[in-house]
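Trainee: Have a look at this one before I ask anything.
The values are calculated or read from the model by the stated rules, or taken from the named source; none is laboratory data. Predicted, not measured: the structure shown is a model, and the values here were computed from it. Note: ideal-geometry Cβ built from the backbone for every residue, glycine included; neighbour counts use all protein chains shown. With ligands, DNA and RNA removed, areas are computed over all heavy atoms of the protein, side chains included. Shrake-Rupley method; radii C 1.70, N 1.55, O 1.52, S 1.80 Å.
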Amino acid sequence: MGFRESIILLFTLLLTITISVVTFNGYYQARSGILDLSGRVIDGAIDKIVMRTLEVMKSAAADLESLALALRDRDFLAEREEILLLLWNVNHRSPFHASTYLADVKGNFLQARKQPNPATRVNFFADPAGAEEWTYRDADYKPTAMVQKPRGYNPLERPWYQAAEAAKKTHWSDVYVWASTGTLGVTVSFPVLGRAGDLQGVLGIDIGLGELNQFVAREKLGEDSVLMIVNDSDQVIAHPFSETNAFGQRKEGELLRLADLREDQYRYIKDAWNAAKASEDTPNASGHGVLNLSLDGGSYFVKRHAIPGVFGNHWHLLMVVPDYEVMDTVDRGLYTSVMLSLIMLLVAIYAIYLIANRLTIPLRQIVANSERLSRFRFDDLKPVRSVFSEFKLLDRSMQQMKHNLTAFSRYAPTNLVLQLLSGDRREVELGGDTRRLVLLSCEISDFSQTAQQMGANDKILYLSRYQTEMLAALESSEATINSVNADRVVGFWGAPVANPNDDYRGCAGALRCLEIMEMLNEDLRRQNLPMIRARIALHADECIVGNFGSQQRMFYSALGDGVQMVLWLKGLNARYGTRILVSRTLYDREWQDFGFRWLDRVAPPFGPAEPMDIYELMSAQEVARQREYIISYEAALKLRHEERNPAAALERFRQLQALYADDPAIAWQIKQLS
């Protein structure tokens, strides 16, 4: 882990711990306070729901009282069209009103209803020959159909009529089956009294349990809370559930019971009702009537509250609220706090990052520059910019080291300098070892004659241009420069660091030297200077390589028959008119990667007594261009050296000379065979 990462990690951990402790401590403090207040929150909520319930019920009673005043001392049948419109309007004033109706003391009955189809109804009960007139209407009260039915409904016998007649005030019925629809509901009724106090009729409004179910579904405190209306007999007046899913199949005309709730999903509601009923709304330790219970694996707030004023104490609201719904505000506060803390943490981390960068970016640049210096990549060094003087001082030291190493590398092989810098003390002692080296020797053809035509300074500049390009080509192929003597350059691969690809790099480096010479000749031609024809030789052999000289002055070099061999091979280029001549030691390893022409079989003046094959190294383009010539030349050479048929070989070479009259290699073969 780097310095910057360590700084960022350390401060991030400290900030994270600090912010986490502060945030969660605040959360738990708030949670404990909210839990203490949650009972009051629910208590206040259920009081509001009771008020809303009473508003729904009392609004129906108020509508009847107002309507009774408007209808006193009026002829109900004679004015039935106007009265039916009044009943229709009152019925549509609230979504809870299913039906609004009026019965006079003779049994005549006027009704406006929504269910099952919107309609008005007139029952001429006082007329023995009377019937019921049904008028079906659209939402704008326009008639759509009229039907006459036999009379059969006597309102005077209905409990809602009799109770209002006897009480002379508003009356709420128990839940019963409506005669008109067969569904369960309650009825609020109110007497219509004349100015003399005589009973002229009774008004009624039906409120279906379906409407009450929708009401409690809307008025619950939260998504998972439950609000129900239950009477003293544990019968369910209103509930927010799908009846089939929660209770199963209900018997027609009967109320649901809490005991009918499915055990697997709603057992906690039955347990909550029983616990609240047993407590008789006795205030708990927190001073309110809300119970905090653990039910069926969850924690709930439970409140049972009687609905006063309308149904006595027979109907009760039951509210069951999971504690997490009460804590939702606290949880949102925690979420907000956590988000703010994360934002603060990110801002702090960014600030730390900027500060760490101020410290670590210069350090990283210095480390990178050190790495580049160790690899002699001087051109890649980048200036270190920092506000700190210590970094500026280190940067100046790096630049000075760059200049020193640049000067040092001009007097010693780069690979050797790299090993010296690596701390290998064996490299600074006299001595060496035997290694297989790939040797290269290069010189300018006829340089002595060219130099005689130049002045001393021009000769130096001309030679320097050649040496500069040649050394750059060799170093780019990672060769070690053995010696530079006027136009002769000797280098090798395999020391001080050996590489499995040394043979390949040697051949590629030789071809690269030719490419560089071609580009240099273009410049020389434009300057009207003599062009350079380089002669190059490659040979691989065991050589002694190491530090020679004295303790005060050393030089890194190679010696042995291999060095002499490559120098001798280089001179053979003049005999065969070639530019790169390669011994068989390299051909055997690289014949698949490069283009070669078998040139001859020669006996070296030293080294092994056996003759050896020599080859011309060629670029891929040259091989493709001279393929037929190469095949013919090598076939003639095979006749001479392998089939030992000099006459046939001579004849073949003479045929080739007719085609390639200027080829020195063919001329040499003819001379040797004649």
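Trainee: If you wrap a convex hull around the Cα atoms of region 574-627, how much volume per residue is inside, in Å³?
Mentor: Residue-normalised Cα hull volume stands at 85 Å³.
Trainee: Where does each of 454, 531, 339, 470 land when they are ordered by accessible area, with a 1.4 Å probe and the largest first?
Mentor: Solvent-accessible surface, decreasing: 531, 339, 454, 470.
Trainee: What whole number of Å gives the distance from the Cα centroid of region 505-521 to the Cα centroid of region 141-171?
Mentor: Value for the Cα centre distance between the two parts: 118 Å.
Trainee: Could you go through region 442-447 in sequence order and give the Karplus-derived ³J(HN,Hα) for each residue, using 6.51 cos²θ - 1.76 cosθ + 1.60 with θ = phi - 60°, rounded to whole Hz, and x for Gly and Pro?
Mentor: Going residue by residue, I get 9, 8, 8, 5, 6, 5 Hz, with x marking Gly and Pro.
Trainee: Find the percent of Cα-Cα distances in region 113-223 that exceed 16 Å, and round it to a whole number.
Mentor: Considering region 113-223, 70 percent of its Cα-Cα pairs are separated by more than 16 Å.
Trainee: Let me ask something additional. Which value, in Å² rounded to 10, gives the accessible area of residue 268 with a 1.4 Å probe and all protein chains present?
Mentor: Solvent-accessible area, nearest 10 Å²: 30 Å².
Trainee: Where in region 439-479 is the amide nitrogen less than 13 Å from a point lying 7 Å along the Cα-to-Cβ axis of residue 527?
Mentor: The answer is 457-469, whose backbone nitrogens lie closer than 13 Å to the label point.
Trainee: Using label points projected 7 Å from each Cα along Cα→Cβ, tell me how many nm separate residue 51 and residue 196, to one decimal.
Mentor: Placing both labels 7 Å along Cα→Cβ, they lie 4.5 nm apart.
Trainee: Among [x] 27.8, 100; [y] 29.8, 92; [z] 56.6, 164, only one was calculated for this model; which label is it, if the read-out is Rg and Dmax of the Cα atoms in Å?
Mentor: Evaluating Rg and Dmax of the Cα atoms in Å on these atoms matches [z].
Trainee: Quick check: with the 1.4 Å probe, what order do 86, 291 take by accessible area, largest first?
Mentor: 86, 291
Trainee: Ok, one more. Which helices, counted as full DSSP H runs in the chain, have an axial Cα extent of no less than 27 Å and a Kyte-Doolittle average of -1.0 or above?
Mentor: 3-71, 328-374, 389-409, 456-476, 502-526
Trainee: Enter the accessible area of residue 505 (Å², nearest 10), with the probe set to 1.4 Å and all protein chains included.
Mentor: The accessible area of residue 505 comes to roughly 40 Å².
Trainee: Taking the Cβ of residue 501 as the centre, find all other residues whose Cβ is under 14 Å away and add up their charges (Lys, Arg: +1; Asp, Glu: -1).
Mentor: With Lys, Arg at +1 and Asp, Glu at -1, the neighbours total -2.
Trainee: Can you sort 401, 618 by 1.4 Å-probe accessible area, starting with the largest?
Mentor: Descending accessible area places them as 401, 618.
Trainee: Something else now. Okay, which of region 627-649 sit inside 20 Å, backbone N to the point 7 Å along the Cα-Cβ direction of residue 658?
Mentor: Only 628-640, 646-649 pass the distance filter.
Trainee: Using a 1.4 angstrom probe and counting only protein chains, how large is the accessible area of residue 69 in Å², to 10?
Mentor: Roughly 110 Å² of residue 69 is accessible to a 1.4 Å probe.
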